[in-house]
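Read the structure below first, then the notes.
The values are calculated or read from the model by the stated rules, or taken from the named source; none is laboratory data. On a predicted model such as this, the values are computed, not experimentally measured, just so you know. Every residue, glycine among them, receives a Cβ derived from its backbone with ideal geometry; neighbour counts consider all protein chains shown. Just so you know, the surface numbers come from the protein's heavy atoms only, side chains and all, with ligands and any DNA or RNA stripped out. Shrake-Rupley method; radii C 1.70, N 1.55, O 1.52, S 1.80 Å.
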Amino acid sequence: MTAIVREAQDNDFRVVVSAMTPIEAQDVRVKSDRLRGYLSRLRIEPVTEEICSRAIELLRGSRLHGHKYAIDAVVAATALRAVKPVLILTSDEDDMSKLCGKTVKIVGFEGHLAVHDGRHQRQAR
């Protein structure tokens, strides 16, 4: 993932993640300083009331339960709000496709990421 982020940034893409993503990525095997250093290279989008409302709409429209899919729905809502084009790298292509529809390009990957270029925002989790 680090190489992908570095390559995106070297090519003037902004890499954006939902504020939920670092929480989901928390792993006791990763030192806090290392995670903080990694996150410092990313733009972290807050979970606003607007994103929350949109995430609820996405869950309802996809017939998915918030208890299981809350983080995915917030990430999808964050991506859908971004300036196009948007790309989401995710380990959960099926559910993210249900939530985002065809508006966002979904690419399978181990983990999540959002990418934005300098002129346009692209988002991935």
Single unsatisfied condition, Lys68 versus (1) in a helix (DSSP H, G or I); (2) open to solvent by less than 40 Å² (accessible area, probe 1.4 Å); (3) of a type outside the set (S, T, N, Q): (2)
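When you look at Thr48, is it under 12 Å from the mean Cα position of the chain (by Cα) and open to solvent by less than 70 Å² (accessible area, probe 1.4 Å), yes or no?
no
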Close pairs (6 angstrom Cβ cut-off, 6 or more residues apart or separate chains): farther than 15 Å from Ala8 by Cβ in segment 26-50, surrounded by 11 or more Cβ atoms within 10 Å (Cβ to Cβ) and among the aliphatic types (A, V, I, L, M) anywhere: Ile44/Val17; Ile44/Ala19; Glu45/Val16; Pro46/Ala19; Val47/Ala19; Val47/Val74
Subset of segment 28-64 [more than 12 Å from Thr78 (Cα to Cα), part of a loop (DSSP other than H, G, I, E, B) and at pLDDT 80 or above]: Val28, Arg29, Lys31, Ser40, Arg41, Leu42, Arg63, Leu64
Pick from segment 2-45, criterion surrounded by 13 or more Cβ atoms within 10 Å (Cβ to Cβ) and among the acidic types (Asp, Glu), ranking: nearest to the chain's Cα centre (by Cα): Glu45
Odd one out for Ala73 among (1) in a helix (DSSP H, G or I); (2) surrounded by fewer than 20 Cβ atoms within 10 Å (Cβ to Cβ): (2)
